[in-house]
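Here is the structure we will look at, set down as structure tokens.
The values are calculated or read from the model by the stated rules, or taken from the named source; none is laboratory data. Since the structure is predicted, the reported quantities are computational estimates derived from the model, not experimental observations. Cβ placement follows ideal geometry from the backbone for every residue including glycine, while neighbour counts extend to all protein chains displayed.
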Amino acid sequence: MKNSVQVEILGKEFTVKSENDESYVKEIADYVNRKMEEVLKDTRTVATVNVVLLAALNIADEYFRAKDQNQKLIGDIEEKCQELINLIEI
């Protein structure tokens, strides 16, 4: 069942319909709001579309960096597991 959750981003109220928990939706909205505020603070742009695009690029960058780090950690774990298997088989 979808819940309606009220969130605020850049001073504007939005109603988000989601199957996720209200606190999770608000946490995501707060994160997006912080990212957009960072862009506003760090740039001279005032066009909302530019702020949204730059915030989206920053969020995508964080996502891809985290994804790459996760893949590296998985590779490291698999390598260590194989080393342990090799030690056990000796």
Inset, instruction - Those residues that are within 18 Å of Ile28 (Cα to Cα), among the β-branched types (Val, Ile, Thr) and modelled with pLDDT of 95 or more, I need them from the range 44-90; list them, please. - result: Ile59
Inset, instruction - Considering every residue within the range 1-19, establish whether at least one is in a helix (DSSP H, G or I), under 17 Å from the mean Cα position of the chain (by Cα), surrounded by 12 or more Cβ atoms within 10 Å (Cβ to Cβ) and of a type in the set (A, V, I, L, M). - result: no
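Yes/no matrix, rows are residues, columns are (1) loosely packed, with under 10 Cβ neighbours inside 10 Å; (2) assigned to a helix (DSSP H, G or I); (3) without any contact (Cβ under 8 Å) to a residue 12 or more places away in the chain; (4) not acidic (Asp, Glu):
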{"residue": "Val49", "(1), (2), (3), (4)": "yes, yes, yes, yes"}
{"residue": "Leu53", "(1), (2), (3), (4)": "no, yes, yes, yes"}
{"residue": "Asn58", "(1), (2), (3), (4)": "no, yes, no, yes"}
{"residue": "Arg65", "(1), (2), (3), (4)": "no, yes, yes, yes"}
{"residue": "Ile74", "(1), (2), (3), (4)": "no, yes, yes, yes"}
{"residue": "Cys81", "(1), (2), (3), (4)": "no, yes, yes, yes"}
{"residue": "Asn86", "(1), (2), (3), (4)": "yes, yes, yes, yes"}
Inset, instruction - Select from the range 20-42 the residues that are of a type in the set (Lys, Arg) and surrounded by fewer than 13 Cβ atoms within 10 Å (Cβ to Cβ) and write down the one among them that is nearest to Ala55 (Cα to Cα). - result: Arg34
